[in-house]
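Since every read-out is calculated from the coordinates, none of them should be taken as a lab result. Nothing here was measured: the structure is a model prediction, and the numbers come from that model. Cβ: placed from backbone, ideal geometry, glycine included. Neighbour counts: every protein chain shown.
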Amino acid sequence: MIAAPFVALTARRARAAPPRRWNVAGEHIEGLDGLDDAMHGLMQRHGIRSGALAVARGGKALFEHVYTWAEPEFPTLHANSPFRLASVVKAFTAALIHRLIESGALTLDTRVLGFLGLDRPPLATQRRDPRIDDITVAHLIDHRGGWDSRISRFDPVFRMRDVARRLGLHAGPTKHDIARFASGEPLQFAPGSESRYSNLGYLLLGLAAEKAAKTDFLTALRSQVTGPLGIDAVFLARTRKERRLDGEGFYDQPGSGLTPEFPDREVLAPLPYGGGGFLTESMDSVAGLATSAGAVACLTGHYAVSGFGRRRQGRTMARSGIMSGTTCFAISRADGLDVCLVLNTKNLTIDATTLEITRVLDAAQLS
């Protein structure tokens with residue numbers, strides 16, 4: 001007697017849910033329908049509303065499709081729709097640093113904190129770690145700067161609200177604020193002695209690139225890296241949903257948190273839109289850019305997808321990026337193919353998908 005009304009209500013709600021629509025944007029490529037099938041299956045199995053897949057060789061696109069499997073109110077994406085890239089952005093940052101070193105504007109031995117003028121902590125309660133002045137560009141590229149968030153349990157790039165509150169700010173921290181704050185925090189190991197993944201290191205690399213190039217990070221990236229490659233649509237991602245880029249979809253991630261945008265107030269935001277502890281505008285060189293999957297595949301046809309320098313021939317290398325609302329995976333294969341897969345959620349692993357797509361690529365005749 002109690003369960004029946006609940007069942008009926010659930011059924012009515014299920015019937016009221018609008019059906020999802022499947023859409024594929026991009027030029028049809030004969031013989032590669034298996035890639036579309038693989039993406040369709042992946043998105044249906046995990047309830048993913050949007051994604052993109054691109055395959056290139058030598059910086060030239062062979063395949064670029066964008067997928068929408070969503071309700072009618074979800075934006076239908078186009079072939080060049082931008083997606084947030086999460087940490088795959090670091091491949092763009094490394095490429096820019098490579099170009100600046102080639103031009104002589106930076107060196108691998110440049111001591112970054114001194115170069116940036118970060119010579120004193122912003123807070124009287126902070127005590128500067130003297131080893132911080134030894135950190136070089138090379139250390140930051142290789143994640144050997146001295147920070148280990150597993151020990152400190154603090155990643156300032158994804159704890160922006162805490163940084164802002166410590167600094168007494170009334171608005172979200174800029175990347176300069178984060179760098180100033182970090183200059184007064186202790187290191188967990190001597191620079192160069194270990195390797196521990198560091199978002200902060202790439203934030204500092206972005207600031208160093210700006211000073212060396214004498215312009216902002218995105219302008220430097222466009223003029224030195226993406227522009228010469230013919231990539232004309234790389235953007236600074238926007239935190240707020242209502243300010244998303246032209247052609248950009250929505251990011252799916254259940255839950256909410258206190259946004260760093262208003263550090264002196266308790267304002268909740270969905271996880272991908274500030275509630276995850278980050279503001280994309282303050283993390284451009286770390287994880288704050290948006291572009292198409294095709295642009296990533298083009299870049300990694302010329303520059304190392306992981307590590308530093310030009311693309312490694314005859315080797316398979318990969319880089320992944322995951323944050324609230326985004327899963328991105330880029331791979332440069334030993335056979336010369338470059339692949340980028342990006343999804344609008346982080347609620348799944350991508351290992352099985354990568355294997356599935358790899359099997360299709362192996363069977364396809366691409367030139």
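A few points about this structure:
- Between Asp33 and Arg359, the modelled labels are 1.8 nm apart [label points 7 Å from Cα along Cα→Cβ].
- Going from the residue with the fewest nearby Cβ atoms within 10 Å to the one with the most, His28, His98 rank His28, His98.
- Where a label projected 7 Å from the Cα of His176 along Cα→Cβ would reach, residues of segment 258-292 with amide N under 19 Å: 261, 279-286
- Sorted on the mean count of surrounding Cβ atoms within 10 Å across their residues, most packed first, peptides 142-154, 290-302, 272-284 read 290-302, 272-284, 142-154.
- In the chain, the convex hull through the Cα atoms has an average projected area of 21.0 nm², a quarter of its surface area.
- Straight-line reach from Lys175: taking Cα to Cα under 18 Å and skipping same-chain neighbours fewer than 8 places apart, the lysines in range are Lys90, Lys211, Lys214.
- Evaluated at q = 0.13, 0.18, 0.20, 0.21 Å⁻¹, a Debye calculation over the C-alpha positions of segment 165-300 (equal weights, vacuum) places log10 I(q)/I(0) at -0.68, -1.19, -1.32, -1.36.
- Projected-area average for segment 224-367 over all orientations - Cα convex hull basis, square nanometres: 10.0 nm²
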